[in-house]
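Notes to accompany the following structure.
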Amino acid sequence: MATPLHPAQFGPGADSQVLSPLPPLSLITGGARSGKSAYGEALIKAHPAAGSLPLYLATAEAMDKEMAERIRRHRSRRGAGWETIEEPLDIAGVLKAHAHRAILLDCLTLWLSNLLAAGHDPAQDSDRLVEVLGAVTGPVVIITNEVGQGIVPENELARRFRDEAGLLNQSIAAIAAHVVLMAAGLPMTLKYPAAAATVRTVGVRRA
């Protein structure tokens with residue numbers, strides 16, 4: 001497996017300008033196996049917070065052998081220099097309790113899946129998350145997935161998941177100063193802190 005690059009090694013463009021310091025909130029999105037987690041980890045490692053280890057907030061649950069193996073690989077890759085909290089539902093509570101720490105949240109779409117499986121209202125939980133993220137000093141780097149670029153799912157639950165994921169990503173991107181789209185292991189900046197104040201965002205419509 002290829003060794004993940006430091007953010008400054010990804011080539012020319014905004015992402016080669018390693019942010020110093022990181023803004024309070026960054027969002028890293030992309031498809032499966034696009035390098036999202038590795039890039040998010042590299043961002044946090046490049047900006048260690050004084051006085052504490054970075055916090056890895058994991059939303060995945062080892063429900064089967066395949067997922068357990070995925071979790072094992074992630075732990076092995078990031079090494080011992082992290083504190084890990086596994087929380088499938090109340091990520092807003094964890095973020096609020098650690099608002100001044102460097103945090104990598106991995107990932108939003110698994111969290112959404114957990115909410116739906118538990119019978120929660122994603123809109124209510126998402127609103128609470130956005131409220132908490134507005135108060136963190138972080139830096140917080142959030143990993144999410146782009147799931148709406150394929151065919152329309154054939155069943156109702158899958159369609160609802162796709163729609164809720166798109167709305168959730170819009171909500172977080174609207175408040176994040178730094179948004180990156182990963183493709184084939186390479187970052188493409190969608191929103192950059194220096195220009196964040198001038199980036200026009202459209203309100204999320206739940207229709």
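The values are calculated or read from the model by the stated rules, or taken from the named source; none is laboratory data. Given the structure is predicted, the values throughout are model-derived calculations rather than measurements. All Cβ positions, even for glycine, are placed from backbone atoms using ideal geometry, and neighbour counts span all protein chains on display.
Annotations
- Single unsatisfied condition, V132 versus (1) in contact (Cβ under 8 Å) with a residue 60 or more places away in the chain; (2) β-branched (V, I, T); (3) assigned to a helix (DSSP H, G or I): (1)
- Among the criteria (1) in contact with a Leu (Cβ under 6 Å, 6 or more places away or on another chain); (2) modelled with pLDDT under 95, the one I172 does not fulfil is (2).
- One residue from I44, I28 being of a type in the set (V, I, T), farther than 25 Å from G150 by Cβ, in contact with a strand residue (DSSP E or B) (Cβ under 9 Å, 6 or more places away or on another chain) and at pLDDT 65 or above: I44
- Within segment 139-161, one or more residues are within 15 Å of L27 (Cβ to Cβ), touching a His at 6+ places or on another chain (Cβ under 8 Å), at pLDDT below 95 and of a type outside the set (V, I, T).
- Test for L110: is it under 19 Å from G93 (Cα atoms), of a type in the set (A, V, I, L, M, F, W, C), touching a residue at least 60 places away in the same chain (Cβ under 8 Å) and surrounded by 15 or more Cβ atoms within 10 Å (Cβ to Cβ): no
- The set of residues in segment 140-173 being free of Cβ contacts under 8 Å to residues at least 40 places away in the same chain, within 17 Å of the chain's Cα centre (by Cα) and in a helix (DSSP H, G or I) consists of R162, G166, Q170.
- Condition met for H6 (at pLDDT below 65 and over 24 Å from S113 (Cα atoms)): yes
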